[in-house]
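Read the structure below first, then the notes.
Please treat every number below as a calculation from the coordinates, not as lab data. Note that this is a predicted model, so its numbers are computed, not measured. Methodologically, a virtual Cβ is constructed for each residue, glycine included, from the backbone with ideal geometry; neighbour enumeration extends over all protein chains shown.
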Amino acid sequence: MDREDCDGGEVSVVKAQLSVQRAILSELNVLTAKVKDDDKCEKVSSEWKLVAMVVDRLCFCIFTVLYVTATIVIFRRQLLL
């Protein structure tokens, strides 16, 4: 009878450990999915930041060209008068 009690106790311990391991695995899957989602969002964010920098630089160059051209035109007209 002692042998059966020991085996039954061991089985319940193994079942409890298996249950804990399944819970841990489930949490790890959730964390892994969250990290993958965060990485994807970070990648998209960095791509948009790059696009914003390019557009900003392009607008700055256009502004500079127009500003310098307008200044030259204004000063030439003042010299001609």
15 Å cut-off, amide nitrogen to a point 7 angstrom out along V55 Cα→Cβ, residues in the stretch 29-46: 45-46
Degrees separating the helix 2-80 axis from the principal Cα axis of the chain, which is the longest one: 0
